[in-house]
Amino acid sequence: MQVRIQPSAISGTIRAAAGKSSMQRACAGALLRKGETRIVNPGKSNDDLAALDVIQKLGATIRFEENGDLLIQSNGIQPANKEINCGESGLGIRMFTPIVALSAEALTINGSGSLLTRPMHFFDEILPQLGVSVQSNAGKVPLQIQGPLQPANIEVDGSLSSQFLTGLLMAFAAAGANNVSISVKDLKSKPYIDLTLKVLEDFGWKVSHDNYAVFHFHGKSPQDNGVLTYAVEGDWSGAAFLLVTGAIAGGITVTGLDVFSTQADKAILQALMDCGCRLSVQEKQIEIAPLPLKAFHFNATDCPDLFPPLVALAAYCEGTTVIEGVSRLSHKESDRGLTLQEEFAKLGIEIVLQGDLMLVKGGTGVNGATVHSRHDHRIAMACAVAALKAEGEVLIEEADAINKSYPDFYKHLEQLGTSLSINPNLMAKS
């Protein structure tokens, strides 16, 4: 699919999409909790749909109601299929693999697209310590798993991704772990672990920690088998693109976000304050509009998904913006440091990669150009946002990559007044 975007002035009010980080964790919680769970504001991204497919293959049943709510019925893990496919979801495979390992059945965990190349050596090293037989494809999918997982005192490396820890925390809690702990070295993305702990608490489990270095489990909490209602938060990761849109082409109002959220990407607000745009953060809405923008310094180590919207913002900021945390980008849907550098070069923006730093030289003007998503949803969205004040038309190839996390993104841009056209039939150049 190709999308053509013309320079546009935007305005209006838009509601943030459901957060896939919250939605996928809720799916896991609903599977592990016996009884019925009502999900309010369920997500519909490709990653969300993959999570729903996984929990159904692990024994849950789902039903959408007329009002849009999702009902999930589960009696715990009772695999209905020998193969689980997590699509392209990095969180999905890292979170569900330890959960799958709770079963005594031999199961295969697979994925598609970029997930086929992502490293999974973590499970080869950790799961055997928990009584789980695991065989990977040289550290990649497919994974052959046979449990049941037995909680034990272990130490894990948290530097690659917090998502591995999320899966272990959920599996240990559901297995009724008591008087055991997980020690973590060099944990990154602590806010995502805060979100995991909050979801576990909402679903009836209590996990405590000592400054994110040691996590303690307190046995299986009594659970009411009645209906539990869980509301999926608005997605700060997707909303970051909307907020940057307002800052460079605004002004707009964004609703549906929890300003007290533990989501890591809420940190976009700090960058927006630092760059000098007009910003009003209220409990029910965020109003944002352009002012002369200046370069800023931002540490994205704990929120690496913010790199793409931050680069789009920095392109319009006078001076050189410095973003820390480049080392977190190599195992995403693309190698995002290099991808951002190469695609934004086509738009006339110079990006220098200097160790763990990304230097974006902004304020020089954004060219019209043809760019490629590299099959990465956040690259497609970053290019679309940057196009809004470009000096000419921007054509995005493989623009449907957005379906992974934010399928309504282009529709939302149109609702705000963006002039764009979509050609679903044109095949992009490889």
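The values are calculated or read from the model by the stated rules, or taken from the named source; none is laboratory data. Source: prediction; values computed, not measured. Counting neighbours? That spans all protein chains shown, and the Cβs are built from the backbone with ideal geometry, glycine included. Accessible surface areas use protein heavy atoms only, side chains included; no ligands, DNA or RNA. Shrake-Rupley method; radii C 1.70, N 1.55, O 1.52, S 1.80 Å.
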Original post:
What is the list of residues in the stretch 187-202 whose amide nitrogen lies under 18 Å from a point 7 angstrom out from the Cα of T301, following Cα to Cβ?
Top reply: 187-194
Original post:
Which of the following values of percent of Cα pairs over 40 Å apart was calculated from the structure shown: [x] 28; [y] 35; [z] 17?
Top reply: [z]
**OP:** Could you tell me which GluC sites (Glu not before Pro) in the stretch 4-85 are loop residues by DSSP with no more than 12 other beta carbons within 10 angstrom of their beta carbon?
**Re:** E65, E66
Subject >> the stretch 79-165: trypsin sites (Lys or Arg not before Pro) in DSSP loop, at most 14 other beta carbons within 10 Å >> reply: K82
Subject >> Solvent-accessible area per residue for the chain (1.4 angstrom probe, square angstrom) >> reply: 37 Å²
Original post:
How much of the accessible area of the stretch 80-204, probe 1.4 Å, is carbon plus sulfur, in whole percent?
Top reply: 44 percent
**OP:** Be a star and scan the stretch 2-22 for residues whose amide nitrogen sits under 17 Å from the point 7 Å along the Cα-to-Cβ vector of Q282.
**Re:** 12-16
Original post:
Expressed as a whole number of Å, what is the distance separating the alpha-carbon centroids of the stretch 278-323 and the stretch 15-73?
Top reply: 31 Å
Subject >> MRE, 222 nm, helices only [DSSP H, n ≥ 4, -39500 (n - 2.57), over the chain, to nearest 500] >> reply: -9000 deg cm²/dmol
Original post:
Once you charge only the Cβ atoms, +1 for Lys and Arg and -1 for Asp and Glu, what is the size of the charge dipole of the stretch 264-362 about its Cα centre, to the nearest 20 debye?
Top reply: 200 debye
**OP:** Starting from the Cα-Cα distance between I422 and D157, subtract it from 0.36 nm times their residue separation and give me the gain in nm to one decimal.
**Re:** 91.1 nm
**OP:** Would you mind checking which residues have amide H under 5 Å from V214's amide H? H placed 1.01 Å from N; only 5 or more apart, or other chain.
**Re:** V184
Subject >> Positive-end residue of L187, T245, G68, charge dipole of the chain with Cβ unit charges >> reply: G68
Subject >> Surface accessible to a 1.4 Å probe, K346 within the full protein complex, Å² >> reply: 90 Å²
Subject >> Percent antiparallel among DSSP beta bridges (both partners in the stretch 113-266, rounded to 5) >> reply: 75 percent
**OP:** Let me know the volume per residue of the alpha-carbon convex hull for the stretch 201-300, in Å³.
**Re:** 120 Å³
Subject >> Theoretical gain in end-to-end length, L359 to A138 [0.36 nm per residue, Cα-Cα removed] >> reply: 76.0 nm
Original post:
Do any trypsin sites (Lys or Arg not before Pro) in the stretch 241-305 lie in a DSSP loop with no more than 13 other beta carbon atoms within 10 Å, and if so, which?
Top reply: K284
**OP:** Measure off, as a whole percent, the carbon and sulfur share of the 1.4 Å-probe accessible area of the stretch 296-430, all protein chains present.
**Re:** 47 percent
